[in-house]
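In what follows, a single structure is set out as structure tokens and then discussed.
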Amino acid sequence: MTDKRRLSLGLDRYSGLWIWAALIVVFGVLRPDTFLTSTTLHSVAAQQAIVAILALGLVIPLATGVFDLSIGANVGFAAVFVTLLQSDHGLGMWSAIALTVLVSALIGAINGFVVVVLKVDSFIATLGSSSIVIATQTIVTKLQQPVPPPDAGWRSLTQTEFFGFQIIVVYMLALGLLLWWVLEYTPFGRYVYATGGNREAARLSGVRVDKLIFLSLVTSAVIGSIAGILYASRTAPSLTFGNTLLLPAFAAAFLGTTQLKPGKFNVWGTIIAIYALATGIKGLQLINNQRWLDDMFNGVALIGAVALAGARLRAAQHQRRIKAVEVDGGGSDADTGVLAGTHR
Amino acid sequence: MSQASAQPARRAAAREAGRPPRLAVEGIVKKFSGTRVLDDVSFEILPGEVHALLGHNGSGKSTLIKCLANYYIPDGGRITVDGEGLSFAGPGDSARLGLRFVHQDLGLVDSCSVLDSMFLGRSFPTRFGVISWSTARESARLSLSRVGLQHLDLDSPIEELTPSQKTGVAIARALNTDASTEDAAAVLVLDEPTATLPAAEVENLLLIVDQVAAAGTAVLYVTHRLDEVFQVADRLTVLRDGVNVATRRVDEMTKDELIVTMVGYSIEKAERTDAVRERLPELLRVEGVRAGAVRDATFTVHEGEILGLAGLTGSGREEALGLIFGAHRRERGKVLLRGVELPAGDPASSIGHGVAYLPAERKTHGSILTLTAADNCSVTDVRRFFKRGFLRRSLEEEEVAAWFQRLQVKPLGAQGLAFGALSGGNQQKVLFAKWLRCKPSVLLFDEPTQGVDVGAQRELHELMREVAADGTGAVVSSSDLAELEAICDRVLVFRNGEVVAELTGDQIQEHEIAQWCLGRDVRAPEHVSHISDELTKDAS
């Protein structure tokens with residue numbers, strides 16, 4: 001491999017970091033007074049932490065090869081439920097949190113049951129359970145927005161400062177560290193990627209894929225629940241916000257596959273994606289405060305980045321094919337598409 | 001398999017003496033970063049000729065085909081079809097001159113009907129802007145008749161066809177890409193069409209190839225299976241290291257000569273332990289297992305022996321190993337390993353008991369193409385490298401690298417490459433390493449060398465013998481009877497879901513096994529169409 005190619009690969013994998021840096025420079029030059037401030041730094045970091053946690057929650061099921069579309073509904077439900085338990089039922093903060101996480105884990109277990117035992121496709125299964133969770137939320141709240149508990153401890157759960165950052169940023173990074181360890185440095189992580197790559201081959205290699213899929217859906221439900229609890233503590237619960245976080249979280253997880261470990265759902269790639277996007281949006285808002293910027297930027301970046309990553313991956317495969325011919329005379333599976341394309 | 005064949009003779013009528021070649025390859029050179037992958041390769045194919053292209057992985061076959069398809073532009077030489085030169089302006093040019101390709105991956109959609117498949121990739125005939133179904137049917141029927149499949153139900157989905165019928169449909173479609181011209185294509189390139197076909201189906205496919213050539217099309221037939229060459233081809237060209245080392249008439253060569261030509265040195269069959277050895281203790285006992293096509297499998301496997309399973313498609317032979325391993329639930333019966341019952345439907349537990357299972361379908365069941373070769377190799381027991389809270393990557397890589405070196409997996413440093421980027425032979429070596437690393441008591445190998453070149457096949461055979469010599473029991477299920485003959489101590493023949501014969505010692509010979517597969521009363525076949533009739537009867 002030549003030095004030139006290695007350099008371009010580096011640019012590929014770390015393109016998110018480069019873009020992020022470029023955005024900081026550009027907006028730093030255009031709006032030095034408002035953009036390059038610690039206030040901006042801290043507010044972007046804290047605002048995006050919840051979405052980041054949610055996106056991290058999606059990494060494990062996506063890497064296992066299943067979707068969890070119910071995570072948005074789960075966030076909303078957890079936020080409402082943890083608040084109600086405290087304000088209406090007089091539970092203490094920690095017992096309310098424990099009970100909420102438990103209920104969410106149960107929802108995840110139901111998802112897992114439907115996917116693994118009833119063998120419903122995860123996309124459909126979690127789309128359905130998402131609707132059931134929203135209905136349950138309505139039953140519990142009777143469409144009344146619950147009042148946050150007046151407890152100071154409840155707010156300080158997320159609003160304590162840590163070197164100027166809201167502590168929620170620390171939670172997010174800690175969760176990232178934990179998941180990174182699980183995915184990269186435990187057998188469980190290897191099984192996750194194996195199952196996502198080829199479920200039947202993984203099963204025949206001794207991976208207990210059903211158990212793994214079940215667990216991955218419980219994990220995402222629990223992490224979604226934590227995101228909801230933190231949201232309720234930080235900004236008070238809302239009846240509708242959960243599902244609005246679903247798209248940005250999925251977008252970040254998919255964008256993450258273009259970073260660091262191309263083609264694989266991964267933790268730090270996901271976090272880079274979220275913050276690079278958020279920096280861009282923040283900068284644009286400071287220049288031209290339009291409400292549609294957020295959604296527009298997210299959508300364009302998602303499609304653009306994933307399309308670009310796909311094109312690069314194909315180019316890399318093409319290189320490999322030629323290389324395979326050089327080294328080995330072909331006959332590799334990477335070849336199969338080539339002729340198939342020519343006789344059509 | 002029969003080497004005597006009447007096919008080339010039947011086609012002789014289609015070939016008139018002195019007619020110009022349909023395809024002429026003249027002095028093709030192709031270089032990659034200075035290395036000559038193809039070095040002055042020349043040969044020609046006459047109308048109605050089936051020309052086999054042979055060579056190891058790495059010999060330049062794939063590169064040559066890609067030159068024909070205009071995917072690569074040669075650095076020198078000429079390719080002409082019916083006298084007209086390829087301009088290398090793009091894939092369209094090679095199609096325009098009448099070159100057609102059918103790859104191992106047929107490019108058919110399982111759920112589409114035969115009729116729809118025939119028009120995939122080109123337009124349906126229309127009348128007033130609406131699809132004219134009657135014209136479409138007529139045209140599809142005509143195309144299919146070129147491969148002798150005019151009786152296919154046009155409305156049945158592709159997935160209901162036999163493998164050879166699927167290939168036939170792909171060939172028919174390739175031959176007639178333009179509905180308006182009724183001329184046969186000038187040259188048909190078949191790239192390993194039989195690599196994944198069961199033996200019985202191969203015969204049917206060869207009939208199709210025969211029929212295509214009889215219509216005057218020149219067929220370039222790429223394969224690893226040497227028996228087919230003698231059955232279907234008129235001439236052959238052997239590439240070695242990018243050089244054309246032989247273009248000869250098939251009837252002037254023996255199989256042994258051909259192998260020597262291909263590899264450049266003489267390969268002997270792996271040494272057979274014909275002397276009946278003292279039987280070592282029983283290892284595996286299969287009792288009355290039933291599920292799917294398997295009606296009653298009962299047999300034992302002993303330590304240090306390689307037991308072969310033979311049988312036609314549908315005989316139950318293909319499903320037997322998966323059932324023993326416990327890949328799926330069994331309707332009845334049990335499997336005992338050293339007296340301990342193996343559960344059904346729980347691969348993880350079977351592996352824990354010391355059973356290894358290499359499935360026949362490498363891409364869909366055997367491997368995870370998105371992971372690296374090393375990760376594929378260690379997935380079964382990656383837990384061993386988890387120490388003090390972390391997976392020890394360096395330990396893992398060291399161990400995998402040692403295995404790759406022992407099995408000579410190429411290229412060097414293959415550990416870090418995506419599994420899918422390796423050649424078929426090397427992929428199979430990685431999967432062998434994956435299971436041998438686990439030090440299993442019993443190895444279940446389904447089609448262990450399918451789609452693997454001659455050299456790698458030989459290495460894998462030796463490896464299996466080595467492992468058995470250490471006391472491991474191995475069961476090999478294979479549609480390649482020569483493979484069974486080469487490595488097995490004992491062969492069981494499946495027919496109609498049951499074991500009908502046990503062959504040992506001198507009885508383990510290709511023709512003997514073949515007769516038992518077909519039914520004992522069938523004599524050594526003289527004629528391919530005869531054998532294929534028997535085969536279809538037996539399969540149905």
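None of the figures in this text is laboratory data; all of them are computed from the coordinates on show. Keep in mind it's a predicted model, so treat the numbers as computed, not measured. Here the Cβ positions follow ideal geometry from the backbone for every residue, glycine too, while neighbour counts run over all protein chains shown.
Taking square-rooted eigenvalues a ≥ b ≥ c of the alpha carbon gyration tensor, is the stretch A:145-190 rounded, prolate or oblate, where a/c under 1.5 means rounded and, failing that, a/b exceeding b/c means prolate? The partial results should precede the final answer.
Details: a/c = 4.79, a/b = 2.12, b/c = 2.26.
Here the stretch A:145-190 falls in the oblate category.
Put a plus charge on the Cβ of each Lys and Arg, a minus charge on the Cβ of each Asp and Glu, and nothing anywhere else: the dipole of the stretch A:10-328 about its Cα centre is then about 620 debye.
Subtracting the Cα-Cα distance from 0.36 nm times the residue separation, let me have the gained length for residue A:109 to residue A:36 in nm, one decimal. Display every interim value, and only then the final one.
Numbers: separation 73, 0.36 × 73 = 26.28 nm, distance 4.51 nm.
Working it through step by step, the gained length comes to 21.8 nm.
Of all DSSP bridge pairs formed entirely within the protein assembly as shown, close to 60 percent run antiparallel. Amide H contacts under 5 Å for residue B:82: B:23, B:24, restricted to partners 5 or more places along the chain or on a different chain, H placed in the peptide plane at 1.01 Å from N.
Would you work out the Kirkwood radius for the stretch A:10-328? I mean one over the mean of 1/r across all pairs of different Cα atoms, in Å.
On the way: mean 1/r = 0.0484 Å⁻¹.
Result for the stretch A:10-328 stands at 20.6 Å.
Here the gap between residue B:260 and residue B:397, fully extended at 0.36 nm per residue and compared with their Cα-Cα distance, gives a gain of 45.6 nm.
Couplings 3J(HN,Hα) of the stretch A:251-265, computed from phi: 4, 5, 4, 5, 4, x, 6, 8, 10, 6, 10, x, x, 10, 5 Hz, in residue order, whole Hz [Karplus 6.51 cos²θ - 1.76 cosθ + 1.60, θ = phi - 60°; x for Gly and Pro].
Distances between placed amide hydrogens fall under 5 Å for residue B:357 paired with B:444, all partners being 5 or more residues away or on another chain.
A simple spin-label model places pseudo-atoms 7 Å from Cα toward Cβ; at residue B:145 and residue A:102 they are separated by 7.7 nm.
At a Förster distance of 45 Å, what's the computed FRET efficiency of residue A:18 paired with residue A:119, Cβ-Cβ distance as r, to 0.05?
On the way: r = 44 Å, r/R0 = 0.97.
Approximately 0.55, to the nearest 0.05.
Taking every DSSP bridge with both residues inside chain B, close to 55 percent are antiparallel. The H on the amide N of residue B:316, modeled in the peptide plane, is under 5 Å from the matching H of B:497, each at least 5 residues off or on a different chain. Scalar couplings 3J(HN,Hα) for the stretch B:350-367, obtained by applying the Karplus form with A = 6.51, B = -1.76, C = 1.60 to θ = phi - 60°, are 4, 4, x, 7, x, 10, 10, 9, 9, x, 6, 8, 5, 6, 8, 10, x, 9 Hz; x denotes Gly and Pro. Once the C-beta distance of residue A:25 and residue A:235 is scaled by a Förster radius of 30 Å, the resulting FRET efficiency is 0.45 to the nearest 0.05.
Residue by residue through A:188-201, how many Cβ atoms from other chains fall within 10 Å of the Cβ on average? Before the final figure, lay out the partial values.
Values: counts 4, 2, 10, 3, 0, 5, 8, 2, 3, 9, 11, 1, 7, 14.
For this peptide, the per-residue mean of nearby foreign Cβ atoms is 6.
Within 10 Å, Cβ to Cβ, of residue B:354, how many net charges do the neighbouring residues add up to if Lys/Arg are +1 and Asp/Glu are -1? Could you put the intermediate results ahead of the total?
Working: positive: B:338, B:439; negative: none.
Its environment carries a net charge of +2.
Where both residues lie in the stretch B:46-194, what percent of DSSP beta bridges are antiparallel, nearest 5? In the stretch B:46-194, DSSP labels about 55 percent of beta bridges as antiparallel. Given R0 = 56 Å, the distance between the Cβ atoms of residue B:405 and residue A:144 translates into a calculated FRET efficiency of 0.20. Computed from the Cα positions only, the extents of chain B along the three principal axes stand at 68, 55, 52 Å, in decreasing order. Of the trypsin sites (Lys or Arg not before Pro) in the stretch B:359-414, the ones in a loop by DSSP (not H, G, I, E or B) with at most 13 other beta carbons within 10 Å are B:388.
Count the net charge of all other residues whose Cβ sits under 12 Å from the Cβ of residue B:29, scoring Lys and Arg as +1 and Asp and Glu as -1.
On the way: positive: B:30, B:31, B:36, B:78; negative: B:26, B:39, B:40, B:75.
Once positives and negatives cancel, what remains is 0.
Sorting check: for B:365-372, B:37-44, which peptide has the highest mean count of neighbouring beta carbons within 10 Å, and how do the rest follow?
Details: B:365-372: 21.8, B:37-44: 20.1.
Per-residue Cβ counts within 10 Å, averaged per peptide and sorted highest first, yield B:365-372, B:37-44.
Extension gain, residue A:315 to residue A:162, is 50.6 nm, computed as 0.36 nm per intervening residue step minus the present C-alpha separation. Place +1 on the Cβ of every Lys and Arg and -1 on the Cβ of every Asp and Glu in the stretch A:10-328, take the dipole about the Cα centre, and give the residue among A:169, A:279, A:122 whose Cα lies farthest towards its positive end. After comparing all options, I get A:122. Out of every Cα-Cα pair that the protein assembly as shown contains, those further apart than 40 angstrom amount to 49 percent. With the simple spin-label model, which puts each label point 7 Å out from Cα in the Cβ direction, the residue B:89 to residue A:307 separation comes to 3.0 nm.
Note on B:404-415: average number of Cβ atoms from other chains within 10 Å of each residue's Cβ is 1.
Taking the Cβ of residue B:231 as the center, what net charge do the other residues with Cβ under 10 Å away carry, scoring Lys and Arg +1 and Asp and Glu -1?
Details: positive: B:225; negative: B:203, B:210, B:227, B:228.
Overall, the nearby charge balance is -3.
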